[in-house]
Every structure is written in C-alpha cells, then in structure tokens.
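Everything on this sheet refers to the single structure shown next.
The values are calculated or read from the model by the stated rules, or taken from the named source; none is laboratory data. Everything numeric here is computed off the predicted structure, so don't read it as measured data. Cβ coordinates were reconstructed from backbone atoms using ideal geometry, including for glycine residues, and neighbour counts include every protein chain displayed. With ligands, DNA and RNA removed, areas are computed over all heavy atoms of the protein, side chains included. Shrake-Rupley method; radii C 1.70, N 1.55, O 1.52, S 1.80 Å.
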Amino acid sequence: MTMNNRWRWAVVALATVLVVGLLGAVFVLARPGGGTPSTVARYAPANSAAYLELREDLPGDQHNLLAQFMSHFPGFADQAAFDTKLNETLDSILGSSPAAMSWTTDVEPWFGGEIAVFSSPNASTLAGPNMNAALSVKDAEALQNVLDARFKDVSSTDRDYQGQTVRTLLTPDASGVSYVVTADALVIASTFPEIQAELDAKADRNLGLADDQFFLQQLGALHADRLGTFYFDGRSLAGSLGNELGGELPVASMTGLFTQAAAARVMGEIRADGDHLSLTMRTEHPADADLPPLPSNHGSTLADLAPKDALVYAEVHDVGQAISWIIQRGVQELPSASGGVPIDLSSMQQLLGSPPQEFFDFIVDAAVSISGTSANPVYGLVASVDDMAIATSRVQKITALLHMLTQFGGGVTFTDETHGAAQVTVVKFAASGSAGSDTTLALSLSNGHLLIGTHAFVINALDRTRDQSLATRPDFQAALSAGGTSNAGVAFVDIAALRT
C-alpha cells in the first residue's frame, strides 16, 4: 500500500466513523441554538458552494429520539444499550477497515461531536470541487498524539500561518493533504491555500459562511437540535453549467433555464423524531429568475386515496401550473428551434380544443404511490382537478386520440367498464414476446380526482374510504405533522416494509 493510499484510507475510515457515529454516543458540549453557527461552520469560507454538517453529539432530544428510531433495526432493540452497542459496531467497522482504526482509542477520546464537509472556495465546477473538512475537538493533545502515531512514516512539511502549524503530508503522486489542529478543531484541506482560507474565516480575517445572512436566517428557522444541516449555493455552479452546456441544447434559452434553476440556494436539516426521520428544506431562487412558479404551501387530501399499505408515496402541489409554464415556454421557443420559421399551432389547438399550454391546467395537485409486492406491484397516480367538466372533456380527448393512433396495430386495446358510479377506461398493452405478460393500465375520473395506474390501484382507490387509506396511518400522520400539514409536497417511505 502506498503512503497516498494509507492517508486516503485513514480519511475514509475517519469519515465512516463520523457518519456512522451520527447514530451514537453523547458528548456534553455547549450546543448552538437555532441561528447560531456551530464551531465547525465557522471554518467554512463565505464562497463555499456546498456544506454538510453532522452532529454526532446528538444535541437536545436527538439522542433519545434516535435511539428510539434505531430500535426498529437489528441489534438496536434495547434502547438502554444504544451507546454501548453503537461503540461496539464502530469498533468492529473501523477495526476491519484497511486503516485498522479503533473508535474507542483513536477517535472517541478527542472528537468533539461535530463534523462539517464543505467545498473549497471557487471549486464548484462540473469537474467536481475539492471537499474539505472541519471536525470539532475536545482534546487537542489526544488528537495530536493519534495523528503523530498514524502518520509517523509519512513524509511531511510544516508551515506556519498566523501562529498555527499547518502540516502537509507528501504522497508519491504529489497530491498531498494539509491539516492543522487548532484549539477547537481538526481542519483538513486539499491544499495549503485552502487551509489558509479556512483559518481566515474562523479568525474573521475574511468573511465566512457563518457571516452569510441567508445562511444565518435560514439556520434560525431550523430546529436548534438536529442530526445534520446541509447547505447548497448553486450560483457559482450555474456559471460553470452555462459554459459546459453552451450550444449543446437544441434551444438556446434552455441553457438559461437550466442555469437559473441551478442558481438556487438550499438550506435544510435532518432530525430524528422517534419512529421516523424528518427532512426539511428551504429554497431560494434568484429574484430575477425566469422559472416555473414554485408550488404553494397548502394542505391536501390525496393521501386519502392512497392504499394504507403504501411502500412509497410522493405528492407535489400545483402540478398543472408547472406543466402549463413548461408548455408555454416550449411554444415560445418553437420558432427558434425551426430556424426562425413561424409555426402555425392553430390545427393543434383545434384538435385539442384549447391552446396547448392550457390543456393540463385543470390539474391541481398530484401524487404517486407504490404498494403490493415485487411479483404483483400496485402503483398509480392520483391528481386533484378543479373542474370536472373540463377534465372529463380533455381526458376523453386524449383517450380518443390514443385510440385512433393505435387502430393501425401495436397490440393496444381499449375497454370501457363501469364500476359503481364511475367509468373506467382500461388500456391493455400486449406483450411483445411469448414469455412476457400483458401490461394493463386503468384510467378514471371521479369525485374531483383523476386516477391512472394498475387496474387494482384505480378500482381500490374508487372503493377506498378514508379509514382504509394511507392518510390515517399513525406513522404517516406523525411524519406529516413533523414536516407540516401545509406544504409544497410530501414524500413518504415505509423503510421497515421495504426491508421485507
């Protein structure tokens, strides 16, 4: 094994400890409140494009709630033995790794419980940024002893910067890694200048991410006690994306659309909430961005139509307006795509019965769910509609057009059936080979909803009462309550059921 690989394995092993250690032992430290940057956040330069922070110290209620969550997994059933079991697991993982590290002797004695990984300044390009790190330290002397022993056979150089000794490990491929041990952190970077930038941010010689007003304001909106924090600033990435795409896209303005979408800033958190984990994100688009309108926060009853045993459920609001915006943009760009030749859309409008960009505006919110088994999956989409008469007319138009197109062959058949008061259209796609089986999809409009999916999905949704739906499951209700009943969308995954 080369010296370079020895260092890389050590870093990988340490990162593994800290990520897995997010599930474990508690350290008694001063904990930042909402809106207060952590110790490690103060080392991130202001122009960091990405930032991920994990709290292994499990502040506030996170230790007990995470122990409760992990009790559903093998080996962690006894919540009272949570810390002991975790330490044993970490020792086992690190002991069998190429770095042959020990959690209890090489990491736990000095680690302060916070870890941040962030991109190096101005490095957010499509080629991939350098990722640097800062780990909080509760015993700098213990850490220094571990580092000296671990890298005693690795060539290195020491340089002084503002009273701090920065060590650069020299590797055969000349890639190198620099680190410095301060009074409160182990700071790691790919290059010496990046270490300088991190130390300057901490010492307030230059602005850091912890000085950014967006970062601070969104931090203040998060829970003070959380497992992790993440931040992404796509503004520098957007410029790189524009240069890379250049003339690759068929319509020039599509480049602008992609770059504006990439220029968003995102801030969020992950928390343990007993029997589930909660992920919250807050997003800001550029003020002058020409992008589809963001979905509004509101409540929804779509989960009333999803099966109670749903494995996966995802819901997005204001889908119709987003589809309309995308089609409108496409219509505007048609002359550019055709070399400036005007395109007459009147025949299409006559065929559809409405302008193309307005055809799907009857859809409001939409959700998909998956249940059943791998041998017999049950899946489908349900969407709320704001005008049943318009929805019925346009859905009938689509099915008529599809029916007409399949008259020339292709093994597609349409059947209409009645189920209670609802009409159901069943579309069967014949298998292409003798070994395959036919695929059947059903479609129905009923009580202000559009249903599309497997036959079982549609029929069951038509028959389902609310007490038989996903909406009344205690775990779904708990997760929805944690995330907020007024929202722009919902994603729910039953991890326990998926494991079986």
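Numerical summary
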{"quantity": "Positive-pole candidate from A478, V385, L405, dipole of the range 342-500, charges at beta carbon", "calculated": "A478"}
{"quantity": "Segments 419-425, 469-475 sorted - mean Cβ within 10 Å per residue, highest first", "calculated": "469-475, 419-425"}
{"quantity": "Stretchable slack from H285 to T406, in nm (0.36 nm times residue separation minus alpha-carbon distance)", "calculated": "39.3 nm"}
{"quantity": "Electrostatic dipole magnitude of the range 360-500 [Cβ: Lys, Arg +1; Asp, Glu -1; Cα centre; debye, to 20]", "calculated": "200"}
{"quantity": "Heavy-atom surface of the range 29-94, accessible at 1.4 Å and reported per residue (Å²)", "calculated": "40"}
{"quantity": "Segment V426-V154, extension gain: residue separation times 0.36 nm, minus the distance between their alpha carbons", "calculated": "91.0 nm"}
{"quantity": "Paramagnetic label zone (point 7 Å from Cα along Cα-to-C-beta, V266; backbone N under 18 Å) in the range 308-328", "calculated": "314-317"}
{"quantity": "Whole-Å semi-axes of the ellipsoid equivalent to the range 145-185 (Cα gyration tensor, √5λ, descending)", "calculated": "18, 13, 8"}
{"quantity": "FRET efficiency estimate (nearest 0.05) - Cβ-Cβ, D438 to T485, R0 60 angstrom", "calculated": "0.90"}
{"quantity": "³J(HN,Hα), Karplus 6.51/-1.76/1.60, whole Hz, each residue of the range 205-211, x for Gly, Pro", "calculated": "6, 9, 5, x, 4, 5, 9"}
{"quantity": "Extension gain, N64 back to D387 (0.36 nm per residue minus Cα-Cα distance, nm)", "calculated": "111.5 nm"}
{"quantity": "Protection proxy ranking of 93-106, 441-454 - average other beta-carbon atoms within 10 Å, highest first", "calculated": "441-454, 93-106"}
{"quantity": "FRET efficiency for L170 and K397, using Cβ-Cβ distance with R0 set to 60 Å, rounded to 0.05", "calculated": "0.30"}
